[in-house]
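Asks: Below are the structure tokens for one structure; questions will follow.
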Amino acid sequence: MREKTIEATLVRTVKSMGGLTPKFVSPGFDGMPDRIVLLPHGKMAFVEVKAHGKKPRPLQVRRKSQLESLGFLVYCLDDATQLGGMLDEIQSI
């Protein structure tokens, strides 16, 4: 599955839950995740979207670790079937 297709599914699913998934752009701070998932009741996580089977670049792995060390949830989504579990986990925090 293409990255664009997975990302569109993420956006559509989060919207159906009453949430937002703005594209995350951070000039001068490369390697940040593609999207921020904002769900009702103040639930939030970062999501890096990849084509099926693709892995994050080393800088993206470092940024993920940095964000997680600050207490944020960070996911790498490379298959739309991962969405349900990911969103359930975000809602449970």
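Values in this text are rule-based calculations from the coordinates and carry no lab data. On a predicted model such as this, the values are computed, not experimentally measured, just so you know. Here Cβ is always computed from backbone atoms with ideal geometry, including for glycine, and neighbour counts include all displayed protein chains.
Asks: Exactly one of (1) over 15 Å from the mean Cα position of the chain (by Cα); (2) more than 18 Å from Asp79 (Cα to Cα) is unmet by Val25. Its number?
Replies: (1)
Asks: Out of the residues in segment 28-73 that are over 12 Å from the mean Cα position of the chain (by Cα) and basic (Lys, Arg), state the one that is farthest from Val11 (Cα to Cα).
Replies: So, considering only residues that are over 12 Å from the mean Cα position of the chain (by Cα) and basic (Lys, Arg), the one farthest from Val11 (Cα to Cα) is Arg62.
Asks: For segment 42-93, enumerate the residues that are among the basic types (Lys, Arg) and either more than 17 Å from Met1 (Cα to Cα) or in contact (Cβ under 8 Å) with a residue 40 or more places away in the chain (or both).
Replies: Across segment 42-93, the qualifying residues are Lys43, Lys50, Lys54, Arg57, Arg62, Arg63, Lys64.
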